1. Go through the range 132-159 and report how many residues are over 20 Å from Phe284 (Cβ atoms) and at pLDDT below 95.
2. Are any residues in the range 20-42 open to solvent by less than 60 Å² (accessible area, probe 1.4 Å) and over 19 Å from the mean Cα position of the chain (by Cα), and if so, which ones?
3. Can you tell me which of Arg87, Arg48 is within 30 Å of Lys244 (Cβ to Cβ) and touching a residue at least 12 places away in the same chain (Cβ under 8 Å)?
4. Here's a check for you: in the range 108-126, which residue that is open to solvent by 60 Å² or more (accessible area, probe 1.4 Å) and either of a type in the set (Asp, Glu) or within 16 Å of the ligand (Cβ to nearest atom) (or both) is nearest to Gln81 (Cα to Cα)?
5. If you take the residues in the range 124-147 that are more than 17 Å from the chain's Cα centre (by Cα) and not in a helix (DSSP H, G or I), which one is farthest from His78 (Cα to Cα)?
6. Just one of Gly62, Gly46, Gly77 is in the same structural domain as Phe225 (by TED's automatic domain parsing) and closer than 22 Å to His125 by Cβ; which is it?
Amino acid sequence: MTLHVLITVDTESYAAGDPDRHIWGHLDDGKEYGIRMIMDMLEKRGARGTFYLNVYEAERHGDEAIRAVISEIHGRGHDVQLHTHPRDRYGIEKLTRADVSRQREILAWGKDFIEAQTGLDVIAHRAGAFAANLDTIEALSLVGIPVDASLSPAWFESHLAQEVVSNNRPFDLRGVLELPVTYYVQGRFGKREYLRLVDIEASSLRELKHIVRQALDAKVSTINFLMHSHSFVRNGRSDLALIKRFEAVLAYLSAQPGVKLSTTTQFHELWKSGSLQEHSTERFTPRTGWWLTYLRTLESVGKGWKNTVAALLPPVVLAASIGFLFIVLT
Ligand SMILES: [Zn+2]
């Protein structure tokens, strides 16, 4: 059984962003830290990625700007699939605010835009902010997009996660192959589980390795791994620590027997041929625990005051408690 790791890149500029910075990653040092860098790193490992492209921002930046992105990704043999932030073109923030027929119209427009450039069928979709629902699944079916990757119990806006039960494994959802964005349990507090997305920006290298080992043990067929075109760009600067982490993740994955870096198209072809079977219907629940969570926050010291406080609070509280006890007892 092979574990297929799908590196999926939501390719978009922020609401007030620009493709030059947030898709291509051009920074003031004259270098690029965007999609070309991500593709270079994948190709170095003989792999390709899946780029979920928000084509609706063509309304703001011009069709040519978005076509250039499609050409570059497709030209290098990576997957160009559809990402829906419909606001620029349709005036609605999230797909879930539209009914089935409107969702169908939005999806069809995006699908046509990409296909006109690649000549290939768009086979997969991820909703912006994971805001998909069962109407989205119906609309995908109607426009002929056979794969969705928007289900995310670890994200509060994932309506789909409230409408259907998923076990963190691929499954057939009313004729559409649902590839949940893989999540893990970072800890529990009583009965409450604290879930987190498998995301290069949100998870440490230690956590990611831990999850991959558990995925191999659980014999799941895929990890759907999240990142963004602007993952390596933070506050106008390059995030070298994150680039290093991604490089280390790819090195680790490439060296693991039984692990393959695949595109969503490749995965879907195997799924259709019937050669990928989930060996269990049990929920795949990789657990990382509070200790790894704490080590992650330690890595984030200096990246925003919240991270710094979270990392420094436990030792400060511990030291204060010991000091207090010492004073009381002596
Ligand atoms: Zn997005």
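The values are calculated or read from the model by the stated rules, or taken from the named source; none is laboratory data. What you see is a predicted model; the values in this text were computed from it and never measured. Glycine gets a Cβ as well: all are built from the backbone with ideal geometry, and neighbour counts include every protein chain shown. Each accessible area value is taken on the protein alone, full model and side chains, heavy atoms only, with ligands, DNA and RNA left out. Shrake-Rupley method; radii C 1.70, N 1.55, O 1.52, S 1.80 Å.
1. First, the residues of the range 132-159 that are over 20 Å from Phe284 (Cβ atoms): 132-146, 156-157, 159.
Keeping just the survivors that are at pLDDT below 95 gives 156-157, 159.
The total comes to 3.
2. Quick first cut of the range 20-42, residues open to solvent by less than 60 Å² (accessible area, probe 1.4 Å) only: 22-25, 27, 32-35, 37-39, 41-42.
If the condition is that a residue be open to solvent by less than 60 Å² (accessible area, probe 1.4 Å) and over 19 Å from the mean Cα position of the chain (by Cα), then Leu27, Glu32 are the ones that fit.
3. On the way: Arg87 fails: within 30 Å of Lys244 (Cβ to Cβ).
After applying the criteria, what remains is Arg48.
4. Asp121
5. Initially, the range 124-147 is screened for residues more than 17 Å from the chain's Cα centre (by Cα), giving 133-146.
Within this subset, residues satisfying the condition of being not in a helix (DSSP H, G or I) are 133, 144-146.
Numbers: Asn133: 27, Gly144: 21, Ile145: 18, Pro146: 18 Å.
Ranking the qualifying residues of the range 124-147, first place goes to Asn133.
6. None of the other options fit; the residue is Gly77.
Residue by residue, here is whether (1) at pLDDT 95 or above; (2) under 18 Å from Met39 (Cβ atoms); (3) open to solvent by 10 Å² or more (accessible area, probe 1.4 Å) holds:
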position: Ser229; (1), (2), (3): yes, yes, no
position: Ala241; (1), (2), (3): no, no, yes
position: Leu250; (1), (2), (3): yes, yes, no
position: Val259; (1), (2), (3): yes, no, yes
position: Thr265; (1), (2), (3): yes, yes, yes
position: Lys272; (1), (2), (3): no, no, yes
position: Glu278; (1), (2), (3): no, no, yes
